[in-house]
1. Checking P76 against (1) outside any loop (DSSP other than H, G, I, E, B); (2) under 23 Å from the mean Cα position of the chain (by Cα); (3) exposed (fewer than 10 other Cβ atoms within 10 Å of the Cβ), which single condition isn't satisfied?
2. Could you check how many residues of the range 92-140 are in contact with a helix residue (DSSP H, G or I) (Cβ under 8 Å, 6 or more places away or on another chain) and either among the hydroxyl-bearing types (S, T, Y) or assigned to a helix (DSSP H, G or I) (or both)?
3. Within the range 1-48, restricting attention to residues that are assigned to a helix (DSSP H, G or I) and acidic (D, E), which residue is nearest to the chain's Cα centre (by Cα)?
4. Please tell me if G51 is at pLDDT 90 or above and outside the structural domain of P147 (by TED's automatic domain parsing).
5. Do we find that R87 is among the charged types (D, E, K, R), in contact (Cβ under 8 Å) with a residue 40 or more places away in the chain and assigned by TED's automatic domain parsing to the domain that holds L134 in this structure?
6. Scan the range 119-143 residue by residue and report those that are of a type in the set (K, R) and either under 35 Å from the mean Cα position of the chain (by Cα) or more than 15 Å from R102 (Cα to Cα) (or both).
7. Take A54 and tell me if it is surrounded by fewer than 11 Cβ atoms within 10 Å (Cβ to Cβ), among the hydrophobic types (A, V, I, L, M, F, W, C) and outside any loop (DSSP other than H, G, I, E, B).
Amino acid sequence: MKWVRLDLVAWLATATIAFVIVMFAVPGDRRIEFHVFVLAVGAILMSAAIGAVAGAVPHTKESQLKRALDAKPEEPAGVDDLLRMERVVTMATSNAVDLHTRLLPILREIAEARLDRAGRRAGPDTLGRWWELLRADRPAPTDRFGPGIPEAELRTLVADLGKL
């Protein structure tokens, strides 16, 4: 509160000094200068009164509206993983290198986990037509920018992995 009083006195002193300087610097009728001075003093006092009232009002907890506006919506768990997987699939359908380095290790891991759960091992007899694509020793593509896996074929592969 002490600083508020000092600020109030400083502002009133500044307004008074400005009024006196303008009064002596500009000759003639002093009514306009006086009205501006009264208006400035009134604004300073009104500001001080509003500050005092705001400081005297007890602060209650935040309103429900403010809390609702400030609250960040919670993202469901795994959204980042889903977005990452979506990017991997998009890149794998675009070129062969992304298919080989990004998507096939994930699909291979899924196939091995499903087969392990059933007590079987990955091989030509268990993976069928997908063995050449999912085998661990599959060579890297010679054409780095060659086509990836077509989307329809990828859908069939994922459906077949779901049946394992």
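The values are calculated or read from the model by the stated rules, or taken from the named source; none is laboratory data. Predicted model only: the values in this text are computed from it and were never measured. Neighbour counts are summed over all protein chains in view; Cβ atoms, including those assigned to glycine, are modelled from backbone coordinates with ideal geometry.
1. Just one mismatch for P76, condition (1).
2. Count: 22.
3. Only one residue fits best here, namely D7.
4. So G51 fails the test.
5. Spelling it out, it is not the case that R87 is among the charged types (D, E, K, R), in contact (Cβ under 8 Å) with a residue 40 or more places away in the chain and assigned by TED's automatic domain parsing to the domain that holds L134.
6. Across the range 119-143, the qualifying residues are R120, R121, R129.
7. yes
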